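Laboratory data are not the source of any read-out in this text; all were calculated from the coordinates shown. None of the values given here were measured: they were computed from a predicted structure. Counting neighbours? That spans all protein chains shown, and the Cβs are built from the backbone with ideal geometry, glycine included.
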Amino acid sequence: MTIELKNLVKKFGAFAALDGVDLKIEDGELLALLGPSGSGKTTLLRIIAGLDWPDAGDVSFDGENALARGAGERHVGFVFQHYALFRHMTVFENVAFGLRVQPRAIRKDEAGIRARVKELLDLVQLDWLANRYPSQLSGGQRQRIALARALAIEPRILLLDEPFGALDAKVRKELRRWLRTLHEEINVTSVFVTHDQEEALEVANRVVVMDKGKIEQIGTPGEVYDRPATAFVHSFIGESIVLPVNVSDGRVWVGDQALNIKPNGAAPGPSQLFVRRHDMQVAPPGGGLRGSVRYVRTFGAIQRADIALSAGDGETLIEIDTPRDRQLKLGDVVELQPTRFRIFSA
Amino acid sequence: MTDGQIVLREAATDARTEPRLIRWIVIGLAVLFLTVFVVLPLVLVFAEAFSRGVGAYFSALLEPEGLAAIRLTLVVAAISLTLNLVFGLIAAWAITKFDFPGKSFLITLIDLPFSVSPVISGLLFVLLFGMQGFFGPWLQDHNVQILFAVPGIALATIFVTFPFVARALIPLMQEQGTLEEEAAVSLGASGLQTFFRVTLPNIKWGVLYGVLLCNARAMGEFGAVSVVSGHIRGETNTMPLLVEILYNEYQFVAAFAIASLLAMLALVTLVAKTILERHLDEGQQLSDD
């Protein structure tokens, strides 16, 4: 199912959780809403589910106005951050809930419900837990039961709020891979919210980066990482070296030193230069950023060095990753050259 | 290891706790206080009730006046329990699951019956429904009897016991939040289905707890009921009112026989309360991990 959001606005008092959001979610895709806390991503998810209502704007499912329908009529599967399993029901009854509350006319009989629940528990590989209560499960198991429960109603879209947020790192990694496989298997349009960029880049087909109630960039994981559209996206996704620079006369200046790079069409004036840590390389003398090595440590194939830049006013400490073939030593004076970079006006 | 433990136990003074003398004095004071103020009166009630033998005890209970009082008390308790259960559930549901202006005012209002003297609560109904009261003349014209009759007694009891159910449920429901309800709604459950299948099972022990306390108070209420009852013998005397009347007429065995029933109610309530509190704690722990 395709979902279209047009100009969504949602305010909590004076705080604008959503400030004019337009988004089209394509059929069958696995989309990540990525942003820091307070960026409006969860609010957006809850509005799609019908658990919150926008102050202005439209939500349509396959061209049909979804705001005219309540949460129960939208056939949306919602997986909550803290699972929200029914604590007084067994795992089996939790998964069966959506089937049992269906109107009599379309409700399955008991045998049909049992068969469907069994199928779902098999899907999440937890059929052996059917008679347990949620309090007897681990976090990862609860999460998978919550997912099975949401899938029971054959949702047209699956919404997941920070699905792995409350899990420890190892389980999280496992579940991520599992969610991807599951999505390929059942192929239902899915949207998940996360503040973890690694999670978004690894799991999603497309990533929507949000900040302060606005969408900053929409793109594939590769696009948002390699070609960030704004300074926010560049600093939020992946680690960046940020240097205050000045663009004038078609050159880029750090303090009084002109860099050996082209401004790539950046507007003249005070700007910020963004470089990935592994895109700042040690260059032969002449035209690079001069700095001295303060600290070096090695991780496998790379060495990470703290370099104190002397250009501009005072000293700026940056961290770079370089291959180990040219060994850096404490106190070395080196020149650095960004191989790939982006400039955003400040 | 064993030697060390024995030495520890035999040490005259243990640094981890108070000196033995102080411990004994404190515990002794507490026991003495409880004996004088709680155990002794309870024993005395039963002793006095049976002072002329078991036969006298039961014949006192089975007097028409006694039976009428017991029946009235049960009827009034049943009415106020039912209504307060419904009101309490609705109030707690509204307060904990929805946001609306005036919410904190409503919470304060629910507590009002606790902070007002029961006598004032009773007078309030006299002011409303009495002959000189607000609705008095209208009720008189339409031949409706509220004061000095069962409706008045029920109203006063409902007012006094209103907070119990709501008070027991509000903190419980606040702690549980609205997530499970949201999950139910997103799975297609209607409002009623959500309430009966998700909310109610989660709060059932809290509901029972509130009902229990509400019942104890409804049966034992004296002040408010005394003002609106009119003390018509065999008609509008509840058990607590009858105890006072009998006592004032020097019918000690009868007075204490009725009183012993109320005392037994208190004991049963106490036991049930302990059991329910254990269940509530368990529920809490389940949701905590």
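Please give me, ordered by residue number, the chymotrypsin sites (Phe, Trp or Tyr not before Pro) of the stretch A:1-68 that lie in loop per DSSP and have at most 14 other Cβ atoms within 10 Å. Intermediate values should be presented prior to the final figure.
On the way: sites: A:Phe12, A:Phe15, A:Phe61; in loops: none.
Sites meeting the loop and neighbour criteria: none at all.
Assuming 0.36 nm per residue, please report the length gained on full extension of the stretch A:Lys118 to A:Leu317 beyond their Cα-Cα distance. Mind showing how you got there, number by number?
Details: separation 199, 0.36 × 199 = 71.64 nm, distance 5.78 nm.
Length gained between A:Lys118 and A:Leu317: 65.9 nm.
Sort B:Thr236, B:Thr269 by Cβ crowding within 10 Å, fewest neighbours at the top.
Numbers: B:Thr236 21, B:Thr269 17.
The most exposed by this proxy come first: B:Thr269, B:Thr236.
Could you state the orientation-averaged shadow area of the convex hull built on the Cα atoms of chain A, in nm² to one decimal?
Details: hull surface 87.0 nm².
Averaged projected area of chain A's Cα convex hull equals 21.8 nm².
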Exercise for the section: Treat the count of other C-beta atoms within 10 Å as a stand-in for reagent exposure and order A:Asp52, A:Asp109 from fewest to most. Expected result: A:Asp109, A:Asp52
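Starting from the Cα gyration tensor of the protein assembly as shown, take the square roots of the eigenvalues, sort them a ≥ b ≥ c, and report rounded, prolate or oblate (rounded when a/c is under 1.5, otherwise prolate if a/b is larger than b/c, else oblate).
Numbers: a/c = 2.68, a/b = 2.10, b/c = 1.28.
Prolate.
Set the Förster distance to 22 Å, then compute FRET efficiency between B:Leu200 and A:Asp127 from the Cβ-Cβ distance, nearest 0.05. Let's see the in-between values first.
Details: r = 29 Å, r/R0 = 1.32.
My answer for the efficiency is 0.15.
In what order do A:Ser138, B:Ser186 fall by count of nearby beta-carbon atoms within 10 Å, going from fewest to most? Working shown, then result.
Details: A:Ser138 11, B:Ser186 29.
Lowest to highest Cβ neighbour count: A:Ser138, B:Ser186.
So if R0 is 41 Å, what FRET efficiency would A:His82 and A:Ala105 give, r being the distance between their Cβ atoms, rounded to the nearest 0.05?
On the way: r = 34 Å, r/R0 = 0.83.
So, using R0 = 41 Å, E works out to roughly 0.75.
Give the residue list of chymotrypsin sites (Phe, Trp or Tyr not before Pro) in the stretch B:117-206 that are DSSP loop and have at most 11 other beta-carbon atoms within 10 angstrom.
Values: sites: B:Phe125, B:Phe129, B:Phe134, B:Phe135, B:Trp138, B:Phe148, B:Phe159, B:Phe164, B:Phe195, B:Phe196, B:Trp205; in loops: B:Phe134, B:Phe135, B:Phe148.
Sparse-neighbourhood loop chymotrypsin sites (Phe, Trp or Tyr not before Pro): B:Phe134.
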Exercise for the section: Could you work out the longest stretch of chain A that avoids the GluC sites (Glu not before Pro) located in DSSP loops with at most 13 other Cβ atoms within 10 Å? Expected result: A:27-238
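What is the ratio of the Cα radius of gyration of the stretch A:192-246 to 2.2 N^0.38 Å, where N is its residue count, to two decimals? Can you show the working numbers first?
Numbers: Rg = 11.3 Å, N = 55, 2.2 N^0.38 = 10.1 Å.
Rounded to two decimals, the normalised Rg is 1.12.
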Problem - Between the stretch A:32-77 and the stretch A:317-341, the Cα center-to-center distance that results, in Å - result: 47 Å
Problem - Prolate/oblate/rounded label for the stretch B:53-288 (Cα gyration tensor, a/c 1.5) - result: oblate
Problem - Principal-axis tilt of helix A:139-151 within chain A, Cα atoms, nearest 10 degrees - result: 60 degrees
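Which shape class applies to the stretch B:58-149: rounded if a/c is under 1.5, otherwise prolate when a/b exceeds b/c and oblate if not, where a ≥ b ≥ c are the square roots of the Cα gyration tensor eigenvalues? Each step should come with its number before you reach the end.
Values: a/c = 2.42, a/b = 1.43, b/c = 1.69.
Oblate, because a/c is 1.5 or more while a/b does not exceed b/c.
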Exercise for the section: Give me the distance between the Cα centres of the stretch B:171-243 and the stretch A:218-291, rounded to whole Å. Expected result: 67 Å
Completion exercise
For the protein assembly as shown, percent of DSSP beta bridges that are antiparallel (nearest 5) comes out at 75 percent
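Work out the FRET efficiency for B:Ile232 and A:Arg156 from their Cβ-Cβ distance, taking R0 = 60 Å, and round it to the nearest 0.05. Show your work: numbers first, answer last.
Numbers: r = 68 Å, r/R0 = 1.13.
Once the sixth-power term is evaluated, E becomes 0.35.
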Handout entry: Computed helical MRE - 222 nm, chain B, DSSP H runs ≥ 4 contributing -39500 (n - 2.57), nearest 500
Key = -24500 deg cm²/dmol
